[in-house]
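The values are calculated or read from the model by the stated rules, or taken from the named source; none is laboratory data. Keep in mind that this is a model prediction, so the values were computed, not measured. Here the Cβ is made from the backbone with ideal geometry for all residues, glycine too, and neighbour counts use every protein chain on show. What goes into the accessible areas is simple: the full protein's heavy atoms, side chains included, and nothing from ligands, DNA or RNA. Shrake-Rupley method; radii C 1.70, N 1.55, O 1.52, S 1.80 Å.
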Amino acid sequence: MKAKTNRLFFIDAMRAWAILMMLQGHFIDGLLDPIFRDKENMVFNIWLYFRGITAPVFFTVSGFIFTYLLIRVPQKGFDNPRVKKGIKRGLQLLLIGYLLRMNLFGLLNGHIYDSFYLVDVLHCIGLSILAVIGVYLLTIQKKKYLFPALLLSITILLFLFEPLYKQWSFSFLPEAIANYFTKSNGSVFTIIPWLGYATLGGFISILFTRFKDQKYLYAIAIATATLVGYLLIFHSSNGFVFLHRLTGIELFKLIEMNNYLFIRLGDVFVVFAIFMLLRQFMTNKTVLNIGASTLSIYVIHFIILYGSFTGLGLYRFFNHSLNPMVVISGAMLFMIACTYLALKYNQHETEVKTNISLGINYAKNKGVELYSTSRPIFKEILIKIRLFLSRVFKPAK
């Protein structure tokens, strides 16, 4: 039982680290004056590189956690309670993703801005959860190796063919749907290729579950993750050059020219190795609570930074205008504020939801009472209107 708990501890710690890196990354990227974005500056380059690790880690960990919970229960197929919960969660993330991009002032004026239809992290994670469920249901009656094999195959295929499909405009689709597949309209993330990190996370979680009783599970996992990460980061590009020379297939050359997906995949494996190695120190209650509160933190950070619903966020007032000293200090305060508010919300989540539910029921009951009370009055008014109209339009004798 302890091994299972420890595995979830290091995964929750990874998720906490990823969400905090996302907070500071979004804050600094959105508010730092372009004049200070000097790629010749070593400090800025290090920050830029680590910022690029955040999203792959977050997607991979999300796929890991959901798949781990999906396969650990004895029920199979649609009898698995995690299937229903996962579908609900996936749809919930899609809904929240759209709500965060809604501008109430524009809506009141009868206008929906184009940014409402853009796709972001929550949309992609929501669809990734639904995709993992779909693969699970398709393979549950098959041999055990098919589910992990298909998850790994999805990752490899999406990453290999990214140079081809990234050029497609998907103009044959409605723009709201096309935004899930192309960044040409302004989407920050797209389901392809980012689903690949989630399916990889699912694959890794299956390996952990299958070999959970192995004595040297962590020793082997750390060594394997380190080796795979090293090879992908430092040798995958040369590997694709070699494959291009060997086969003459142009696709391998295109991958090597912009080999960010496989390099970032290597980063993900290295991060896994580090957190597994330090898993004994990953049991801090606050860190674990942050890891379990990522959705709340994401929503709060989106509202404060980008001004969801009102458009009155920090990004509107300080967009690309701050110097490094101010933006770094602000990023620290921003991380603390978002995390604190999210943890406080989670402490009182049941109470908040209960009050909201009570408010909705109260409004509903008052509406019914108002309808019941006013119905005879409206009926009498309607009769009088009908009599009046019959008199006005009565045919002349």
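For region 78-206, what does the alpha-carbon gyration tensor say about shape, rounded, prolate or oblate, given a ≥ b ≥ c as the root eigenvalues, a/c under 1.5 as rounded, and a/b over b/c as prolate?
Note, shape of region 78-206 comes out oblate.
At q = 0.07, 0.08 Å⁻¹, what is the log10 ratio I(q)/I(0) for the chain, with the Debye formula run over Cα points and no solvent?
-0.42, -0.52
Helix 294-306 versus the longest principal axis of the chain: what angle, 0 to 90°, nearest 10, using Cα atoms?
It is inclined by approximately 70 degrees.
For the cross-link pairs 76/142; 76/143; 39/183; 85/212, which exceed 19 Å when the distance is taken from alpha carbon to alpha carbon?
39/183; 85/212
Nearest 10 degrees is fine. How inclined is helix 146-160 to the longest principal axis of the chain, computing both from alpha carbons?
It works out to around 90 degrees.
Sorted by average packing, counted as other Cβ atoms within 10 angstrom per residue and highest first, what order do 123-131, 238-246 take?
Put in order of decreasing packing, that is 123-131, 238-246.
So what's the gap between the Cα centers of region 251-272 and region 295-347, to the nearest angstrom?
Spelled out, the Cα-based centre of one part sits 30 Å from the other.
For residue 184, which sequence-distant residues (separation of 5 or more, or a different chain) have an amide H within less than 5 Å of its own amide H, given hydrogens modelled in the peptide plane?
none
Heavy atoms only, probe 1.4 Å: what % of the accessible area of the chain goes to carbon and sulfur, would you let me know?
So the carbon and sulfur contribution to the accessible surface is 67 percent.
How would you rank 154-166, 13-25, highest first, on the average number of other Cβ atoms within 10 Å across their residues?
Top to bottom by mean Cβ count within 10 Å: 13-25, 154-166.
Can you give the accessible area of residue 349, probe radius 1.4 Å, in Å² rounded to 10?
Looks like 60 Å² after rounding.
For region 272-279, just list the computed ³J(HN,Hα) in residue order, Karplus coefficients 6.51, -1.76 and 1.60, θ = phi - 60°, integers in Hz, with x standing in for Gly and Pro.
4, 4, 5, 6, 5, 5, 9, 4
Mind putting a number on the dipole of region 4-99 about its Cα centre? Charges go on the C-beta only, +1 for Lys and Arg and -1 for Asp and Glu, and I need it in Debye to the nearest 20.
In total the dipole reaches around 800 debye.
If packing is taken as the average number of other Cβ atoms within 10 Å across a peptide's residues, how do 278-289, 175-186 rank, most packed first?
By packing density, highest mean first, the sequence is 175-186, 278-289.
Could you tell me how many degrees, from 0 to 90 and to the nearest 10, lie between the Cα long axis of helix 349-392 and the main elongation axis, the longest principal axis, of the Cα atoms of the chain?
30 degrees
When the dipole is taken about the Cα centre of the chain, and only Lys, Arg (+1) and Asp, Glu (-1) are charged at their Cβ, what size is it in debye, to the nearest 20?
Here the size comes out at about 1900 debye.
Per-residue ellipticity at 222 nm for the chain, helices alone: DSSP H runs ≥ 4 residues times -39500 (n - 2.57), over residue total, nearest 500 deg cm²/dmol?
-25000 deg cm²/dmol
Mind checking the per residue accessible area of the chain for me, 1.4 Å probe, whole number of Å²?
58 Å²
I need the phi-derived Karplus couplings for region 111-120: 6.51 cos²θ - 1.76 cosθ + 1.60, θ = phi - 60°, integer Hz, Gly and Pro marked x.
10, 10, 6, 4, 5, 4, 8, 6, 9, 9
When the Karplus curve 6.51 cos²θ - 1.76 cosθ + 1.60 is applied with θ = phi - 60°, which whole-Hz ³J(HN,Hα) does each residue of region 38-44 get, with x for Gly and Pro?
These are the phi-based 3J(HN,Hα) values: 9, 6, 7, 7, 4, 4, 5 Hz.
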